[in-house]
Amino acid sequence: MVSETMSYREALRAGLEEALIQDPRVFLMGEDVGRYGGCYAVSKGLLAQFGAERIIDTPLCESGFVGVGIGAALGGMRPIVEIMTVNFSLLAMDQIVNTAATLRHMSGGQFNVPLVIRMACGAGRQLAAQHSHSWENFYAHIPGLKVLSPATHSDARYMLGQALADPDPVLIFEHVMLLNEPGTVPENPDAPMDKALIRRLGTDISLMTYGGNLPKALAAAEQLQQDGVSAEVVDLRCLRPLDKTTLLESVSKTHRAVIIDEGWQTGSLAGEISAIIIEAGFWHLDAPVKRVCSAEVPIPYPRHLEQAALPQVEQIVATAKAVMEGR
């Protein structure tokens, strides 16, 4: 297999370019996606390549252009809507939750909404509380939506195409701290978009995570290995529906689990995964499940406070050791 090295941002752009080339029904719409090239430069150059009818700059009106995307999807197009940052998606919650997620069910299966919404998420760039949160947990709560979190360059490259092939609305969360990172992209996707993957094999404890925290979990696993602890790292990839089979198979092998989630612990996705393990994998456990989540505060602006609020490698290592020691 031939792999190509590129940044996460370039991998996202390659996925967009391929989608636009392959299907004339595909178009990209959002704030500054055209002339500016996207808030995070993901769509840079696409306006010149595909023209203003397929790379569409919108006003600052998230509810409006998400609604347009829903209408276009109902009309047979394959719209990709970019929301500048996850916090702004809250302005379009009614369109996403009350309309896109429900139309198939409310129409008795007569209408589906093949809409893809991409948005930047996560903290670490000192963008303060209104641009740095992890709301993917909100959307993973909603029946009718599929929620993806590409953590690797391969997923950044290929998940968009997989999402566009889905008949229902798919949300893709792209963590801002991954954008500049270089990595390799294989010729083909790693797996179907709804399949969790083991990114590092281990036998003593399972570290379960997604998105921007995958590199931290892998770094923690390396540190744990130096102390004689073999940690398996599970990349969730798809937050709704969750691949429960892969999660439980990992726990049945390692008998311990730590979940790393950049959302707040209260009402978190980590809480849902913990419940799944307790309900279906309790008898495999040798220790209670633990969670490493963000501090229960709006994400601060000062760098030292921002970093203190987020899950860090040292916390993951310390928590895993505590589980191993039965603390």
Q: Could you please let me know if residue 122 is without any contact (Cβ under 8 Å) to a residue 24 or more places away in the chain and either crowded, with 20+ Cβ neighbours inside 10 Å or out of contact with any Phe, Trp or Tyr (no Cβ under 9 Å at 6 or more places or on another chain) (or both)?
A: no
Q) For segment 137-165, how many residues are under 15 Å from residue 97 (Cα atoms) and open to solvent by 10 Å² or more (accessible area, probe 1.4 Å)? A) 8
Q) Assuming residue 264 fulfils every condition listed in (1) open to solvent by less than 60 Å² (accessible area, probe 1.4 Å); (2) more than 22 Å from residue 82 (Cβ to Cβ); (3) hydrophobic (A, V, I, L, M, F, W, C) apart from one, which condition is it? A) (1)
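Taking segment 223-267, which residues are of a type in the set (A, V, I, L, M, F, W, C) and more than 19 Å from the chain's Cα centre (by Cα)?
224, 229, 231, 248, 251, 257 - these are the residues of segment 223-267 that are of a type in the set (A, V, I, L, M, F, W, C) and more than 19 Å from the chain's Cα centre (by Cα).
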Q: Report yes if residue 84 is touching a residue at least 40 places away in the same chain (Cβ under 8 Å), open to solvent by 10 Å² or more (accessible area, probe 1.4 Å) and of a type in the set (A, V, I, L, M, F, W, C), otherwise no.
A: yes
Q. Which one of these is in contact (Cβ under 8 Å) with a residue 12 or more places away in the chain, in contact with a strand residue (DSSP E or B) (Cβ under 7 Å, 6 or more places away or on another chain), of a type outside the set (Val, Ile, Thr) and over 24 Å from residue 235 (Cα atoms): 90, 145, 115?
A. 115
Q. Is at least one residue of segment 277-287 of a type in the set (A, V, I, L, M, F, W, C), open to solvent by 60 Å² or more (accessible area, probe 1.4 Å) and in contact (Cβ under 8 Å) with a residue 24 or more places away in the chain?
A. yes
Q: For residue 270, indicate whether it is under 23 Å from the mean Cα position of the chain (by Cα), within 17 Å of residue 205 (Cβ to Cβ) and among the small types (Gly, Ala, Ser).
A: yes
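The values are calculated or read from the model by the stated rules, or taken from the named source; none is laboratory data. All values reported here derive from a predicted model rather than from experimental measurement. So basically every Cβ, Gly included, is an ideal-geometry build from the backbone, and we count neighbours across all protein chains shown. These accessible areas exclude ligands, DNA and RNA; they are computed on the full protein's heavy atoms, side chains included. Shrake-Rupley method; radii C 1.70, N 1.55, O 1.52, S 1.80 Å.
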